[in-house]
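So the structure is just underneath, and the comments pick up after that.
The values are calculated or read from the model by the stated rules, or taken from the named source; none is laboratory data. Fair warning: this is a prediction, and the values are worked out from it, not measured in the lab. Please note: Cβ atoms are built from the backbone with ideal geometry, for glycine as well, and neighbour counts cover all protein chains shown. Just so you know, the surface numbers come from the protein's heavy atoms only, side chains and all, with ligands and any DNA or RNA stripped out. Shrake-Rupley method; radii C 1.70, N 1.55, O 1.52, S 1.80 Å.
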Amino acid sequence: MSAPAPDVAVVAYARDVHPGGTGAPEPALVHRVVTAVLEQAGTDRSEVGFTVSGSLDYLAGAPFSFVGALDALGAWPPISESHVEMDAAWALYEAWLRLRHGDDDGGGGGIALAYGFGKATQGSLPDILARTLDPYYLAPLGLDAEDLAALQARAVIDAGRAGEAELARIAERAGPPETGGRVPPLPLRPGHTALPADGAAAVLLATGPAATRIARARGVRPVWIRGLEHRIDVHSPAARDLSRCASAEQAAAAAGVDEGPVHVAELHARHPHEEVLLRAALGLGEGTGVNPSGGPMAADPVMATGLIRIGEAARRVAAGGADRAVAHAAQGPCLQHNLVAVLEAGPDPEEGGPR
């Protein structure tokens, strides 16, 4: 009989985000956040058994752009490393799986590093994201990411799930309006689209004994990942009901969101109507604080934004601001691909009980 999979916790998190852009190269952004999480955890790079990153070559305009970022890791002697062409929340998912299976190569003692980075201010982000659309049916129509978001916003309004006044309140709460002078297609308004940013984020994961040791040294609670799942809808927005988010509903159910109260939720909503859809899909009530960090609309460092949602939710749980939190990441047109993580507080490292 095989041994049960070990519990995995978020033990450190760092972000470095620049809404107005930065001249710093991507390896510099990565170096800052990776160094920060290792220092938080009091961990040497040699103790990390597995490393995985998330990025998008289209942002850099070059193939295999993630290879250059490895210079920031000190990758000699050789490390066990992987990469996903996705938001780094999916990099964390891969790291979590590796730890659960106990195959974190390198003898790291149950410690893994996930990080993501992107410089989304280097070009027109809606046009860049359009390069990822289906090349046969969607791309020839000349649509970009904002056009598709506007179609979904109209579907949400027409289905009676939200009115334009509610969308305006969500956008106002999220922070500063969109800049750059671009007029989005209706029913989106100026300020209804996440502000592109340059940045990076990193999260350090650890299994039971290592997680407890690191939490005790930091004087915080371990933040255990109690559920982590992702689901995807069909690629074409025309083939699904845009007034709901079926894949987010499925991911939330599989992750066990409804198995307890949700005190805080960090949602990867780049537009106000997406928050409306995700609240419904995850079954979040009025008592749940949504995006207390400000959320993606205030700053959207593409390919790190979803990982930041996990890190921000974990940070609040670790500090005692919430006992149970949900983090969400999205990828693809009209919330096509959704990842949901359930995070819960562990026992107080000093007292051996809950705070």
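Amide H neighbours of His83 under 5 Å, counting only residues 5+ apart in sequence or on other chains, H built in-plane at 1.01 Å?
Excluding prolines and chain starts, which carry no amide H, the hits are Ser53.
Under a crude label model (7 Å from the Cα following the beta-carbon direction), how far is Ala159 from Tyr137 in nanometres?
1.9
At 1.4 Å probe size, put Arg15, Arg279, Arg309 in order of accessible surface, largest to smallest.
If we order Arg15, Arg279, Arg309 from most to least accessible, we get Arg15, Arg279, Arg309.
Return the percentage of antiparallel bridges among DSSP beta bridges fully within the chain, rounded to the nearest 5 %. Intermediate results must be reported in sequence, preceding the final value.
Values: 38 of 53 bridges.
Expressed as a percentage, antiparallel bridges in the chain total about 70.
For a label point 7 angstrom out from the Cα of Thr22 toward its Cβ, which stretches of segment 301-316 have the backbone nitrogen within less than 18 Å?
301-309, 311-312
For the chain, give the magnitude of the charge dipole about the Cα centre (Cβ charges: +1 Lys/Arg, -1 Asp/Glu; no others), in debye to the nearest 20. Before the final figure, lay out the partial values.
Numbers: 28 positive and 43 negative charges, 99 e Å.
Its charge dipole is roughly 480 debye.
Calculated from DSSP H runs of 4 or more alone, at -39500 (n - 2.57) each and per residue, what is the 222 nm mean residue ellipticity of the chain, nearest 500?
-10000 deg cm²/dmol
Compare Tyr58, Tyr136, Tyr115 by solvent-accessible area with a 1.4 Å probe and give them largest first, with all protein chains kept in place. The partial results should precede the final answer.
Numbers: Tyr58 115, Tyr136 180, Tyr115 0 Å².
Descending accessible area places them as Tyr136, Tyr58, Tyr115.
Would you mind working out the magnitude of the charge dipole of segment 247-355 relative to its Cα centre, with +1 at each Lys and Arg C-beta and -1 at each Asp and Glu C-beta, to the nearest 20 Debye?
Numbers: 7 positive and 14 negative charges, 58 e Å.
It works out to roughly 280 debye.
Round to the nearest 10 and report in Å² the accessible area of Met297, as given by a 1.4 Å probe over the protein chains' heavy atoms.
Spelled out: Met297, probe radius 1.4 Å, area about 20 Å².
Helix 305-319 against the longest principal axis of the chain: what's the angle in degrees, Cα atoms only, rounded to the nearest 10?
Helix 305-319 and the main axis of the chain meet at about 50 degrees.
For segment 217-227, what does the Karplus curve 6.51 cos²θ - 1.76 cosθ + 1.60, with θ = phi - 60°, yield as ³J(HN,Hα) per residue in whole Hz, taken in order and with x for Gly and Pro?
Going residue by residue, I get 5, 8, x, 10, 7, x, 10, 7, 7, 8, x Hz, with x marking Gly and Pro.
If you place +1 on the Cβ of every Lys and Arg and -1 on the Cβ of every Asp and Glu, how big does the dipole about the Cα centre of segment 73-156 come out, in debye to the nearest 20?
Numbers: 5 positive and 12 negative charges, 29 e Å.
In debye, rounded to 20, segment 73-156 gives about 140.
Per q in 0.08, 0.09, 0.14 1/Å, what log10 I(q)/I(0) does a Debye calculation on the alpha-carbon atoms of the chain return?
Values returned for q = 0.08, 0.09, 0.14 Å⁻¹ are -0.36, -0.46, -1.12.
Relative to the longest principal axis of the chain, what angle (0 to 90°, nearest 10) does the C-alpha long axis of helix 88-101 take?
For helix 88-101, the angle is close to 40 degrees.
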